[in-house]
Each structure stands twice: as C-alpha cells, then as structure tokens.
Amino acid sequence: MFRRVLGKTLGFLGYTVQYGCIAHCAFEYIGEFVACSGPSMEPTITSHDVVFSERLSRHLCRIEKGDIVIAKSPFDPHMNICKRVIGLEGDKICTSGPSDVFKTHQYPRLPQPTLRPAISLKPITVPKGHVWLEGDNLRNSTDSRSYGPVPYALIRGRVCLKLWPPHNFGALNQSPTGRIVKRSD
Amino acid sequence: MDCGDMFRRVLGKTLGFLGYTVQYGCIAHCAFEYIGEFVACSGPSMEPTITSHDVVFSERLSRHLCRIEKGDIVIAKSPFDPHMNICKRVIGLEGDKICTSGPSDVFKTHQYVPKGHVWLEGDNLRNSTDSRSYGPVPYALIRGRVCLKLWPPHNFGALNQSPTGRIVKRSD
C-alpha cells in the first residue's frame, strides 16, 4: 500500500511540475495579470486596478512610444513599476532632471532610493538600449525624471487591457501629459 | 480505410507530437530559467579567468535568492543591447564606494553604487567595457552566477579569484 501511495504522490507531483512549467511559460511568453498600486499613472490607471500586460511586444522588441509598460524597478529587483514610454533610444528629452546620471553624484553614506538631481535644462539623449519612462501623473510620480533612462531589458511587458474595475474595462487612454517625444528627424 | 480516417489519424498524431513538444519545451525552459544554463563566452574582457570560446555553467538560484556576492562572476543582460549578454565580475554591491579614477591619476574620484545596482568589471581591466564606462548596472539585469568552467577540458572546474584586487573591501 505504501508503494501505491508513493506512486500516486510522485505522479501528482509530476503533473504539478509539468503544468506549473506550462503555466509559467504562458505567463512568460503570452501575458500576465497585474494589480497596480500607487498614484503615478492617474487618471489612466488608478490604485487597485487590474490590467493585462502582454509579453509578446517585449520579446519581439515592438515596444513603442506611448505604450504603458510594466518594468522591473531599477532600484529594487523585487518590485515592478508601471509607467508610460515617453522616449526611445536616441530621442532627446527636455527635462530638468539629471543630465549625467552615471557620472557625478554626491551620495550620502547609505544611498537613498531617489537620486538628488542636478538641475539642468539641456535635453537628455536617451542612450542606446534604454527607454525614458514617465508616469501620467507628473506631479506624483518617481520616474526617469529622477532616476534617468531605464535599460530596455528591464521591461517585462506592455499593458494592453484594463480588466478591473468593470466599468472601466477596455483599452487604455492616450497620454494626457503631451510629453511623448515626436518622431525625430 | 478511407482518406478521412487516415487524415484524422495523422492529425491526431501531429497534435499529440506538438503537445509533447510544448510540454517538454516548457519544462526545459523552466529548468534553464530556475536551475542553470550553459553559456559560451566570447571576448577578451575576462582573461585570464575566462577566455574566448570557453563554455561555463551559470546557475540561476543565487540570482533568484539574491545571494550574488562580491567577487562572483555573473552573466547579465547588457544595459545597451537587450539581446546581448555580458560576463563580468561583481566588484561592488549597493552602498559600496568604488574608486573610479585610474591608478595613475593624481586626484582620486569615487562613486557610490546606488540601491538595487551592482558594479561590474572584467578581469582584463585593459580590455574590458564595463561599469567603468557605463556605470552601475541594475541588479535585475543579472541572469545568473558562473560557478563552473566546462570547456576546455583541461581547465575544467571552479573559477579563480579576481586577479585585479579591485573588489571593494567590506565597508563599515
């Protein structure tokens, strides 16, 4: 009888691993459901909204300006951020944020989550392989204006559908901020 | 047996075959994602520890459990090309103070590694594009930790310590 129970348990574990792997690959290559929190994307996405983020655009490198993306936070590998792509590599961004993100900064002994920006009004060119992310709620959003351009490889997926709350179900709105960089010559 | 039957049998077998392929493809993908992967290195930036065309095994568990330490050799996604990977050594973790001036500079400059980032350098300091040119790299770009050299066979085994002496000592 012990052998039967062991056999059934191993069989059950085998099925769990098998379908777990298939589910993981579905979430990895097709899309995932994301519950958002925080005010940085209002009014497009409010706290506790549930959205569907598809992975195909990211894997096929088809993320475009104006897309809302889920990305890994540059400052915390366990957290994700949800922002809009304002500029792609090569675009010039007008901002009073940090001009030389990786060069000169004064950090206190224990670095804080946000960089202390050097006020600069000259446009920043987004480096190769990076994107410029900003929240729709410009007054209440920590984004590339404080931490600089984000490597494209940190992007997880593109938000394409809002699922919850039901009265807001459907595609997401265009950027309300007018900050998206026009096509460069 | 008429054509309809034969067609249905072929279709059935094809779908069954595809089903098995998807199933075992997913299991293999998860094995590479969570256990480890084989990496063929190219380029001179990690000589003499790793030379071009060496094959190494890069384990994923340290990365997922956040156990990457100073002195580890890691495979990471390139910050400048999402399709390329880089293989460098971790010189400093978040909060460490890195000396960014050269050994011949009179005025020493320093930089702190921000939260959630690491400082990567190749072992071949003269021929390596690393954090000294592109700055600290977000921890989330790290894919895995190189733990074993598999090829060439006469060099099989664990990898050497850093030959450069650049690893940041434990800060107070």
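The values are calculated or read from the model by the stated rules, or taken from the named source; none is laboratory data. Predicted model only: the values in this text are computed from it and were never measured. Neighbour counts are summed over all protein chains in view; Cβ atoms, including those assigned to glycine, are modelled from backbone coordinates with ideal geometry. Please note that ligands, DNA and RNA were not included when accessible areas were found on the heavy atoms of the full protein model with its side chains. Shrake-Rupley method; radii C 1.70, N 1.55, O 1.52, S 1.80 Å.
Above 13 Å lies some portion of the pair distances; for region B:55-132, what is it as a whole percent of all C-alpha pairs? Here the tail beyond 13 Å accounts for 72 percent of pairs.
Starting from the residue with the highest accessible area, list A:42, A:32 in decreasing order, probe 1.4 Å.
The most accessible residue leads, giving A:42, A:32.
If you plug the beta carbon distance of residue A:9 and residue B:106 into 1/(1 + (r/R0)^6) with R0 = 56 Å, you get a FRET efficiency near 0.20. Around the amide H of residue B:43, modelled in the peptide plane, lie the amide H atoms of B:52, B:53, all under 5 Å away and 5 or more residues distant in sequence or on another chain.
Counting only protein heavy atoms and a probe of 1.4 Å, the accessible surface of region B:50-172 is 53% carbon and sulfur.
Applied to region B:112-124, the Karplus parametrisation 6.51 cos²θ - 1.76 cosθ + 1.60 on θ = phi - 60° returns per-residue 3J(HN,Hα) values of 8, 7, x, 4, x, 10, 9, 10, 10, 9, x, 6, 9 Hz, with x for Gly and Pro. Hey, can you list the residues from region B:24-41 whose accessible area shrinks by 10 Å² or more with all protein chains present, relative to the chain by itself (probe 1.4 Å, no ligands or nucleic acids)? Output list: B:26, B:27, B:29, B:30, B:33, B:34.
Return the value, in Å² to the nearest 100, of accessible area buried between chains B and A (probe 1.4 Å, both sides summed). Don't jump to the answer; show the numbers that get you there.
Numbers: alone 11140 and 12090 Å², together 20420 Å².
That pair hides around 2800 Å² of surface in total.
Size descriptors for region B:133-172 (Cα atoms only): Rg and Dmax, in that order, 14.3, 42 Å.
What the phi angles of region B:132-140 give under the Karplus curve with 6.51, -1.76 and 1.60, with θ = phi - 60°, is a coupling list of 5, 9, 10, x, x, 10, x, 4, 5 Hz, glycine and proline written as x.
Computed with a 1.4 Å probe over protein heavy atoms only, the accessible surface of region B:68-150 comes to 41 Å² per residue. Using Cα pairs under 8 angstrom and six or more residues apart, how large is the relative contact order of chain B, in percent? Computed over chain B, the figure is 23 percent.
Across the options B:21, B:78, B:120, the greatest Cα extent toward the positive end of the charge dipole of chain B (unit charges at beta carbon of Lys, Arg, Asp, Glu) belongs to B:120. All Cα-Cα separations within region B:7-63 were binned at 10 Å from zero, giving a P(r) of 20, 26, 23, 16, 11, 3, each value a whole percent of the pairs.
Amide H contacts for residue A:31 (H built 1.01 Å from N in the peptide plane; partners 5 or more residues away or on another chain; cut-off under 5 Å): A:55.
Straight-line cross-link partners of residue A:128 among the aspartates and glutamates, defined as a Cα under 12 Å from its Cα and at least 8 positions apart when in the same chain: A:89, A:91, B:81.
The alpha carbons of region A:1-99 stretch over 73, 29, 23 Å along the principal axes, in descending order.
Taking every lysine pair in region B:63-172 that is 8 or more places apart or spans two chains, those with Cα atoms closer than 24 Å amount to 20. Per residue, the convex hull spanned by the Cα atoms of the protein assembly as shown measures out at 252 cubic angstrom.
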